[in-house]
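All remarks here apply to the structure that follows.
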Amino acid sequence: MIKPRVHETTGRRVRNSLSRNEIVESGLNILESEGVDALTVRHLAKRLQCSVSALYSHFKSLEEIINAMIDVNERRLSRKLRQARAGLPHAVD
């Protein structure tokens, strides 16, 4: 899991330190560890130590986050299939 950058004195997330990639990876982690019902914008925000509105500055909706998660996993699967076809060892995610 990616550790968020937090301010030393307040313990709050540093402004503009959130990325689309971090949101997607956190969503994938929630999905894997807690299941689909746990994948909500509020839960993502809590996990990422940010506001719900911070997530909406990167994505329009939960559906858009899920679509990005699907895209990431499709790319990972395609890479693994190409490696298997070429007889290469699997990449570590």
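The values are calculated or read from the model by the stated rules, or taken from the named source; none is laboratory data. Nothing here was measured: the structure is a model prediction, and the numbers come from that model. We work out accessible area using only protein heavy atoms, side chains counted, and drop any ligands, DNA or RNA first. Shrake-Rupley method; radii C 1.70, N 1.55, O 1.52, S 1.80 Å.
Laid out as a table, the results:
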| quantity | calculated |
| --- | --- |
| Whole-number accessible area per residue in Å² for the range 14-93, which is evaluated in the context of all protein chains at 1.4 Å | 67 |
| Extension gain (nm, one decimal) between ASN67 and ASP37, 0.36 nm per residue minus Cα-Cα | 9.2 nm |
| Gain upon complete extension [ARG85, ASN16; 0.36 nm per residue less C-alpha separation] | 20.8 nm |
